[in-house]
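Please treat every number below as a calculation from the coordinates, not as lab data. In this text the structure is predicted, and so the values were computed from the model without any measurement. Neighbour counts run over all protein chains shown; Cβ positions are idealised from the backbone, glycine included.
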Amino acid sequence: VEHGLDALVLERRAEEDRRDRHRDRRGPHDLLDVVRVDVLPFEVLHEQLVVVLGDQLDRKASAWDGFDPAVDQAWMCEAAEEATHVWCSQQRLAVFLSAMRHFAQSLREAGVPLNYVSDAAGSLGAALAVTLASLPVQRVVITEPGEWRVRQSLQDACTAAGVVLELSTGETIEARLL
């Protein structure tokens, strides 16, 4: 096993590279797309999980580049740690959560597959780890979080799950299994 990564992760990356090469050969106006779904025992493997943080409610963000609702999924989370990490008024918190919920509704109405976690007791990373344990994905894509603490929490969850975390800035963090 190369660099401590398990064979499944390497196989997923190789398949992703093959699909990317195929997509690069298609013209920008191709309406027909070959959709291939990897099937693990009893579970569907999604290509990417786009993490939408509460201060990044924008479908034009670069994390959405290449999003395909046939094989990708969005993920949003209301995590208790985020509501309590820094003090804020109840009114501000209510507006923030309302904006998240309205954005989530607009995603659903647009046909975007969405995994919305509304009651996470801990951190974003802990909630993402629970999701990754039950939802097999090839990579997690995020727009650079505003706080290093949040980025590290999400990175740790991806590393533990053996999933690549890709920042929409183009940087890729390889998940290493220990």
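The slack in the chain from Arg92 to Arg108, taken as 0.36 nm per residue of separation less the alpha-carbon distance, amounts to 3.3 nm.
For Val140, the residues 5 or more places off, or on other chains, whose built amide H falls under 5 Å of its own are Leu49, Val164, Leu165, Glu166.
For segment 63-161, rounded, prolate or oblate, judged on the Cα gyration tensor with a ≥ b ≥ c (square roots of eigenvalues), a/c < 1.5 rounded, else prolate if a/b > b/c? Show your work: numbers first, answer last.
Working: a/c = 1.85, a/b = 1.19, b/c = 1.55.
It is oblate, given that a/c is not under 1.5 and a/b is not larger than b/c.
Close amide-amide hydrogen proximity is noted between Glu78 and Val117, Ser118, Asp119, Ala120, each under 5 Å apart and 5 or more residues distant or on a separate chain (H modeled in the peptide plane; Pro and chain starts excluded).
Model label points for Asn115 and Asp55, set 7 angstrom from Cα along the Cα-to-Cβ axis, are 2.5 nm apart.
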